[in-house]
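What follows is one structure encoded as structure tokens, with my remarks underneath.
The values are calculated or read from the model by the stated rules, or taken from the named source; none is laboratory data. Source: prediction; values computed, not measured. Neighbour counts are summed over all protein chains in view; Cβ atoms, including those assigned to glycine, are modelled from backbone coordinates with ideal geometry. Surface accessibility is based on the protein's heavy atoms, side chains included, excluding ligands, DNA and RNA. Shrake-Rupley method; radii C 1.70, N 1.55, O 1.52, S 1.80 Å.
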Amino acid sequence: MSANDAAIPPDPLAVHADGGSQRQAAQMAQEAFARVFRLSVGESDEVRLKGVAQLQRELDGWACAGDGDEARALRRALLLSGMDQWGVAWSQAFGLVSIPGLTELIGSLRTGLGVEDEARFLRQFEAIGQAEENAIDFKVELRRGIHLALWHSSIATEDRDEALRLAAQLGGRLLGLMMREMPLAGWRLVADTLAFIQIRCLADGLAAEGAGQEATQALFGALARELPQEQRDRVMAHAARAVIAWQQASRPPEQMH
């Protein structure tokens, strides 16, 4: 899914960061969050600070590679927005009070900006959230990553209550996406997420039994109950078509006689 979907207006921020750059920003934010989270929970203060400094140099280099002042400001805004959203999602899902390395990294990426650069950054950061179509490719890539990470977490635990709790967190996020945050594009992102889950289960035998299976079934059941019928039918039909297309594409070609 991208900004090319007919129902979504053109992305006005694409003039400063095209779809490829936006998706790259979302992927970099995800990887940076994963690295800084590991540094925060598994390393000494000294190692964490050194790792955060290295990440800051990498991300700052990418942001500064933008073509023009507004492009550089938007790149930085996308990175910080993405990492912030990962932090919020993980804090809510796992009850974290703080992630020290994330706070340090986000702060370091703004420290040192001049007055004009700071003002440009703030304008672009605010612009991302002002309309659904703004930075739509970034939003889709970012949310997809968060959703799938929450699902993988829910099926990775052997604790039934924890698995169901994480599945409920994911279900709440998917519903909120469709009903409030992205009323135009959200249904496609939810459908794509459900299709991916089904494909991973079929391809890799994931969530085939136990708490993971129960959590996945609970997720699908909750969405089926909570979504209005028209939206539910639309989401489930699109997900089913995507799974069928994957199954057909995965079949070995017929032998030539």
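Computed values, structure above
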| quantity | calculated |
| --- | --- |
| Helix 115-130 axis, angle to the chain major axis (alpha carbon atoms, nearest 10°) | 20 degrees |
| Dipole magnitude (debye, nearest 20) for segment 118-257, charges at Cβ of Lys, Arg, Asp, Glu | 300 debye |
| Cα long-axis angle, helix 186-204 against the chain (0 to 90 degrees, to the nearest 10) | 60 degrees |
| Listed residues GLY172, GLY212, GLY61, most fluctuating in the chain (Gaussian network, C-alpha, under 10 Å) | GLY61 |
| Highest-fluctuation residue, ALA207, ALA163, ALA240 considered, GNM on the chain with Cα pairs under 10 Å | ALA240 |
| Cα gyration tensor shape for segment 37-183, rounded if a/c is under 1.5, else prolate or oblate | oblate |
| Whole-Å semi-axes of segment 93-138's equivalent ellipsoid (Cα gyration tensor) | 23, 20, 7 |
| 0 to 90° range, to nearest 10: angle between helix 69-94 axis and the chain longest Cα axis | 50 degrees |
| Segment 103-202: trypsin sites (Lys or Arg not before Pro) in DSSP loop, at most 10 other beta carbons within 10 Å | none |
| Exposure rank, largest accessible area first [PHE125, PHE37, PHE138; 1.4 Å] | PHE125, PHE37, PHE138 |
| Dipole of the chain [Lys/Arg +1, Asp/Glu -1 at C-beta], most positive-end residue of SER154, ALA211, GLN30 | ALA211 |
| Three-way shape call for segment 102-181 based on the alpha-carbon gyration tensor, with the a/c threshold at 1.5 | oblate |
| Dipole in debye (nearest 20) - segment 140-214, about Cα centre, beta carbon charges: Lys, Arg +1; Asp, Glu -1 | 400 debye |
| Excluding exposed DSSP-loop GluC sites (Glu not before Pro) (at most 10 other C-beta within 10 Å), longest clean stretch of the chain | 1-157 |
| Accessible area in square angstrom per residue, segment 126-257, 1.4 angstrom probe | 52 Å² |
| Mean shadow area of the chain over all directions, Cα convex hull, nm² | 17.2 nm² |
| Exposure of SER250 as accessible area (Å², to 10), given a probe of 1.4 Å and all protein chains | 70 Å² |
| Given charges at beta-carbon only (K, R positive; D, E negative), |dipole| of the chain in Debye | 300 debye |
| With DNA, RNA and ligands ignored, accessible area of ILE155 (1.4 Å probe; Å², nearest 10) | 40 Å² |
| Segment 150-229: C-alpha pair distances exceeding 22 Å, % | 21 percent |
| Between segment 43-99 and segment 109-136, the alpha-carbon center distance in angstrom | 14 Å |
| Calculated [θ] (222 nm, deg cm²/dmol) that DSSP helices of n ≥ 4 give over the chain, each run adding -39,500 (n - 2.57) | -25500 deg cm²/dmol |
